[in-house]
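Reviewing the structure listed below.
Since every read-out is calculated from the coordinates, none of them should be taken as a lab result. This one's a predicted model, so the numbers in the text were calculated from it and none came from an experiment. Backbone-built Cβ (ideal geometry, glycine too); neighbour counts: all protein chains shown.
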Number of protein chains: 2
Amino acid sequence: MTRLVAIDWGTSSLRGALLDASGKVLEERNDARGILTVPEGGFPAVFDKLFGDWMRLEGARCLISGMAGSKQGWVEAPYCACPAGRVEVGRKIIDIDAVAGARIAIVPGLSDEHAGVPDVMRGEEVQIFGAMELTGLSEGVFVLPGTHNKWASVKKGRVAGFRTYMTGEFYALLSQHSILARTLDASAPLDEAAFLEGVTRSENGHGLLHNAFGTRTLALFERMPKEELSSYLSGLLIGEELRTQALQASGEVILIGSSNLTERYTLALRATGVATRTLGAEATWAGLHALSGFLDSDRTPA
Amino acid sequence: MTRLVAIDWGTSSLRGALLDASGKVLEERNDARGILTVPEGGFPAVFDKLFGDWMRLEGARCLISGMAGSKQGWVEAPYCACPAGRVEVGRKIIDIDAVAGARIAIVPGLSDEHAGVPDVMRGEEVQIFGAMELTGLSEGVFVLPGTHNKWASVKKGRVAGFRTYMTGEFYALLSQHSILARTLDASAPLDEAAFLEGVTRSENGHGLLHNAFGTRTLALFERMPKEELSSYLSGLLIGEELRTQALQASGEVILIGSSNLTERYTLALRATGVATRTLGAEATWAGLHALSGFLDSDRTPA
């Protein structure tokens, strides 16, 4: 294989990269055609439009992670149960025969279970494997902020278990659809002091359902400037997440995600004395490159 | 005064009752013209349309509680700070001169403050005063479920303090606008077992941001029937509220609200060994009747 077309195909957007045999990124592409925008049966055409030129390079193969492997995606790649590392996931990679002459495969997500309630991730497992490659770590707490944040515990190079927090989606709901939306400016830049005030407030024991209302009353009584309210609410939510997540970081926490989110987690974790290291899209490419080694090995038939 | 036109004028709807001198309800009216539907300067016309016939009865007077007294309402009646009882609130009732010949007055809401963050209620204070009249209690924990739930501590006949929980609004946001909306049937009737499963789950220490996601995965893995998911989510939210509210009920908790909500709080509280007593709209009418005694007494000028 001389070229790997690495794709993280999510719900509302996708990212692709063309990698050489060593995993070096030659080119990157982003697109808004997340799986929810693709019509029934439309994946081969969208794929060809976006990545056809890369796939026609000699020896090119493609590996896709993310929601494209879900029931609502292109081809369902059943979840791999935790604990799971590169080997367990690599063996469950699924080939797609939908595009003539193109060698495309899809990575399964991970599942975990807590007292009878399942938990799932799709795409984040690849970022975690990539982060392990890039940092050399095989133990630790890996946090992936996003719409549905993941807190994963890594032991001996495998994801031992994880939990999802809907923090990003709660922020979007509250800032766009709730009574708070009337006074809050969701486009205001991060105000660190207001953010940390929210983090501190989240620790008062009265919970998010109560503390969120304070974002309304602080505006009503003009106790906080309008442009600081979104940072305060973000601090309340991320503080609540930190307060209720159960993983203990012995060393630093590895944060993987976009800088506007990892910046907030860095601030909030630092305030509690926890050091962080941050990775971005490079973790996805390193993870897909690492898993591409399984494309030619024995795999469980789909 | 031979007739009292008692009105609870809220954000999205209103309720009115015609009371005789003893406080007996002669007639009730509900309408969807909450304050957000009333155009600028439109309150006198809407009021006359809805209650003009009652106001033309001999000696009729009107007392209004709720969001009609807010900045966005008819006339702003400034908040009365806790601790506050009937006397403190009664003295701050504001007369409205907007309708010629009609004697209309408006009840202020209550404010409280916790570590620099204000809290507010408008309308619930009247329900609490009414509940005290109807039950004969002057001490206890009074809970008013709704979009923004109130937990009030009553001591010596006055509201000593209170906290707001956005539980009702969170339920609406999650069941209508979040990823959970895709699998959940918000119109399904209450399933007690699923509701109590949610209440129990909320006590696992992992918080609402994590537990809410379980509503998604239980559906995804077909572990819970679709028609039970909304009850489960409701249980998660109400359980979270009970877990984080700080008031200790020495005896029974007084619940005031619509039966579909008070039923859920009764179930959840009973599961933790707390007895409840429930009141509905009659608390509003009793409260406005009790406050009408202040209409002819000395009051702070508006």
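Tabulated results
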read-out: Neighbourhood net charge (13 Å Cβ-Cβ; Lys/Arg +1, Asp/Glu -1) for A:A17; value: -2
read-out: The range B:1-48 versus the range B:111-161: alpha-carbon centroid distance in Å; value: 22
read-out: For residues of A:168-181, the mean tally of beta carbons on other chains within 10 Å; value: 4
read-out: Gyration tensor verdict on the range A:37-77 (Cα atoms; rounded if a/c is under 1.5, prolate if a/b is larger than b/c, oblate otherwise); value: oblate
read-out: Sites B:S259 and A:R270 - FRET efficiency at Förster radius 45 Å, r taken between beta-carbons, to 0.05; value: 0.40
read-out: Within-12-Å neighbourhood charge of B:T135 [Cβ basis; K, R +1; D, E -1]; value: -3
read-out: Karplus-derived 3J(HN,Hα), 6.51/-1.76/1.60, for each residue of the range A:74-81, Hz, glycine and proline x; value: 7, 9, 6, 10, x, 4, 9, 6
read-out: Whole-number D in µm²/s for the range A:164-281 (Stokes-Einstein; Kirkwood sum over Cα pairs; 20 °C, 1.002 mPa s); value: 148
read-out: Gain on full stretching of the segment that runs from B:E227 to B:R56 - 0.36 nm per residue minus C-alpha separation; value: 56.6 nm
read-out: For the range B:61-193, the fraction of alpha-carbon pairs in successive 10 Å shells from zero, as %; value: 11, 34, 28, 19, 7, 0
read-out: Partner lysines for A:K150 [C-alpha distance under 28 Å; skip if fewer than 8 residues away on the same chain]; value: A:K24, A:K71, A:K92, B:K226
read-out: Percent antiparallel among DSSP beta bridges (both partners in the protein assembly as shown, rounded to 5); value: 65
read-out: Most positive-pole-ward Cα, A:F47, A:V87, A:L220, against dipole of the protein assembly as shown from beta carbon charges; value: A:V87
read-out: Cα-based helix-to-principal-axis angle, A:207-220 vs chain A, degrees rounded to 10; value: 60
read-out: Among B:V253, B:V141, B:V87: highest mean-square fluctuation, GNM of chain B, C-alpha pairs under 10 Å; value: B:V87
read-out: Test item: B:236-243 mean partner chain Cβ contacts at 10 Å; value: 2
read-out: Long-range HN-HN contacts of A:D119 with modeled amide H, under 5 Å; value: A:D112, A:E113, A:H114
read-out: Label-point separation, A:Q248 to A:S138 (7 Å along Cα→Cβ), nm; value: 2.3
read-out: Rounded FRET efficiency, nearest 0.05, which uses the C-beta distance separating B:D185 from A:A45 and R0 of 30 Å; value: 0.30
read-out: Gyration tensor (alpha-carbon) shape descriptor, the range B:1-98, a/c threshold 1.5; value: oblate
read-out: Exposure proxy ranking, count of Cβ atoms within 10 Å, fewest first, for B:E58, B:E228, B:E124, B:E88; value: B:E58, B:E88, B:E228, B:E124
read-out: 40 Å tail of the calculated P(r), the protein assembly as shown, as % of Cα pairs; value: 37
read-out: Radius 10 Å from Cβ of B:G146, net charge of other residues (Lys, Arg +1; Asp, Glu -1); value: -1
read-out: Amide hydrogen neighbours beyond the local backbone of A:V159, cut-off 5 Å, H modeled; value: A:A84, A:G85
read-out: Sites B:A100 and B:N30, calculated FRET efficiency, Cβ-Cβ separation with R0 35 Å, nearest 0.05; value: 0.85
read-out: Structure-based [θ]222 nm, chain B - -39500 (n - 2.57) summed over DSSP H runs of at least 4, per residue, nearest 500; value: -10500 deg cm²/dmol
read-out: Share antiparallel - DSSP beta bridges, the range B:120-203, percent rounded to 5; value: 100
read-out: Kirkwood estimate for chain B, i.e. one over the average of 1/r between Cα atoms, Å; value: 20.3
